[in-house]
1. Being among the charged types (D, E, K, R) and within 15 Å of the chain's Cα centre (by Cα) is the filter here; which residues of region 303-317 pass it?
2. Do you know which residues across region 421-434 are surrounded by 10 or more Cβ atoms within 10 Å (Cβ to Cβ) and not in a loop (DSSP other than H, G, I, E, B)?
3. Which one is surrounded by the most Cβ atoms within 10 Å (Cβ to Cβ), of the residues in region 47-79 that are small (Gly, Ala, Ser) and away from ligand 1 (no atom under 16 Å from the Cβ)?
4. Can you list the helices (runs of 4 or more DSSP H) found entirely within region 249-322 that contain at least 2 residues being under 26 Å from Thr374 (Cβ atoms)?
5. Looking at Arg21, Arg85, Arg44, which one is assigned to a loop (DSSP other than H, G, I, E, B), away from ligand 1 (no atom under 16 Å from the Cβ) and among the charged types (D, E, K, R)?
6. In region 148-174, how many residues are more than 12 Å from ligand 1 (Cβ to nearest atom) and under 29 Å from Tyr130 (Cβ atoms)?
7. Conditions: (1) under 28 Å from Lys337 (Cα atoms); (2) of a type in the set (Phe, Trp, Tyr); (3) out of contact with any Gly (no Cβ under 6 Å at 6 or more places or on another chain). Tyr130 meets all but one. Number of the miss?
8. Considering region 354-403 alone, what residues qualify as being farther than 29 Å from Ile437 by Cβ, free of Cβ contacts under 8 Å to residues at least 60 places away in the same chain and assigned to a loop (DSSP other than H, G, I, E, B)?
Amino acid sequence: MILTGDKEYYKGIGAISYEGRESDNPFSFKYYNPEQIVMGKTMREHFKFAIAYWHSLCGQGSDPFGPGTQQFPWDQSSDPIRRARDKADAAFELITKLGFDYFCFHDVDLVDEAQTLGETEKRLHKIASYISEKKNESGVKVLWGTANCFSNPIYMNGAATNPEFSVVARAGAQIKMALDLTISLEGENYVFWGGREGYMSLLNTDIGKELDHMAQILSMARDYARKQGFKGTFFIEPKPMEPMKHQYDFDAATAIGFLKEYGLEKDFKLNIEVNHATLAQHSFEHELAIAANAGMLGSIDANRGDNQNGWDTDQFPVNIYEITEAMLVLLQAGGLKGGGINFDAKIRRNSTDLEDIFHAHIGGVDTFARALITAEKILTSSELISLRKKRYSSFDTEDGKKFENGDMTLQALSEIAFKNGTLERKSGKQELFENIINQFI
Ligand code: XUL
Ligand code: CO
C-alpha cells in the first residue's frame, strides 16, 4: 500500500515489485522476492530492510567544499513543523513505494532542533503524533531510533565523554528524549553511535574517566528505557574514527570488550556497518563474524566504502562477492538478533534526480538478495563447510579433544609433539575456497 500526503513527491514511480532478472524495468527488483523462502525464512524476514531517514530525506549532498546540490521539495516551508510533516509525507511515500517495512531515524532527522531543550521536546511530540498516524495507516515500523549527539557544536569535546559535566547532562537529556520518542513510535531497537565519543589528543584527555562516563550514560539509558517498558535491544555501532581521531567503539572486538567490562552485555548488541569495518582495516564479514561469535550480531548498517580513499563514503552496496561472504556469516549465525538491514547510505552529490534514491535502494536490496540466495546454495550444495570442518578435524580425535576440553597439561602437549617428530604440511587451500564463491554467484 502506497502512502502519500497531500502531495505526491516521487511522481511517476509506483510500487517497486519483484520482476525477476530478465526484467528490463529499472524500477523493479531483479533478485529480491520478499516472500521467497531462503533457509527456512522469507527474504522479508531475513532482511527487515530499512531506509535511513537522515541520508534519504535530510542529506542534501553538501561536502567540505560546497553546499548541498539537492533541493528537496519537502524542505521548503519556513515553519519547522510544516517542514517536518512534509518530510514525513515524503519518507512514508518512499518507504511504501519501495515496499520496505522499516525506517531508522535520529531525533533531529524528524524535526529541526529548536533553541531550547524544552522547545525541541515540544516539536518532537508534535511530529511523533503525526508519524504515529502514518505508521498506523501504512503498517511501516521503526527498526531503531537514536539521538544525534554529534552535530550540535556543544558536543565538540564529546557527549557522554565530555570533560564538562553540564554537557554530559545535556547529552543525557537528549538521549532521554530520543528514548521517549523511540518508545512512542514502538521502535524495535535503540542505537548508540559514539561519533564524538573519543579524542583528538591524549594530552588533554583522561581516557579512564571518559570510558567510565560513557558506560554510566549507557547504563542509565538502559535502566530508564526498561522502566518505561522498552523490550528491544540496545545496539552499539562501532567505528574507529571520523569525526574523532580515536573513537572508543573502535571495532566489534573493542565494543564487545567494553560492554563486558561494564556488565552491559545482556542488554546491548552490535550494529555492524560495512564502511566502518573498512575504516577499522577489517572486512565487513570479519566484523560480523566477531559479533556473531560473541552472540552479539544485532543489526547491520548497509553501505560500502571506497578502496581508494579512507573516509566514510557511505555508498550503496553493489559488491556481490563481499556481501555473499557476509551472508554466509549471517546464515551460519542464524540471523540478526532483533535488527535488520538499514541502508545507512547516500546517493552521490551529483545524483540529483528524485528518482535516484530508488535506483540506489533497488541496487542495494538486490545485492543483498542475490548474495543471500548464493550463500544458501554454498551452504547447502558446496563443499565449503565440510572442507573448513576438515581443517579442524584433528581436534575430533582423542588428544585434540582433550586439548579442547582443557584436559591436558602443557607437559602432556609437549610430549605429543616430541613423539610426533617431523610434521607434514597441510595446505590452507584458500584459492579453492575463493573459487567456490564465484562458482555459486
Ligand atoms: C555515522 C553513522 C551514523 C549512525 C547513527 O558514520 O553510521 O549515521 O548509523 O548515528
Ligand atoms: Co551507521
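1. First, the residues of region 303-317 that are among the charged types (D, E, K, R): 304, 306, 312, 314.
Residues satisfying the conditions are Arg304, Asp312, Asp314.
2. The first filter runs over region 421-434 and keeps only residues surrounded by 10 or more Cβ atoms within 10 Å (Cβ to Cβ), leaving 429, 432-434.
Matches in region 421-434: Leu432, Phe433, Glu434.
3. If we filter region 47-79 for residues that are small (Gly, Ala, Ser), which is where we start, we get 50, 52, 56, 59, 61-62, 66, 68, 77-78.
The next check asks that each one be away from ligand 1 (no atom under 16 Å from the Cβ); those that pass are 66, 68, 77-78.
Working: Gly66: 9, Gly68: 15, Ser77: 13, Ser78: 6.
Restricting to residues being small (Gly, Ala, Ser) and away from ligand 1 (no atom under 16 Å from the Cβ), the top hit is Gly68.
4. Values: elements: 252-261, 274-279, 284-293.
Output list reads 274-279, 284-293.
5. Values: Arg85 fails: assigned to a loop (DSSP other than H, G, I, E, B); Arg44 fails: assigned to a loop (DSSP other than H, G, I, E, B).
Within the list Arg21, Arg85, Arg44, the selection yields Arg21.
6. So in region 148-174, the residues more than 12 Å from ligand 1 (Cβ to nearest atom) come out as 152-158, 160-174.
Those still in the list that are under 29 Å from Tyr130 (Cβ atoms) too: 152-155, 170-174.
Number of matching residues: 9.
7. Failing condition for Tyr130: (1).
8. Thr397
The values are calculated or read from the model by the stated rules, or taken from the named source; none is laboratory data. The model shown is predicted, which means the values in this text are computed figures rather than measured ones. In this analysis, Cβ positions are derived from the backbone assuming ideal geometry, glycine residues included, and neighbour counts consider all displayed protein chains.
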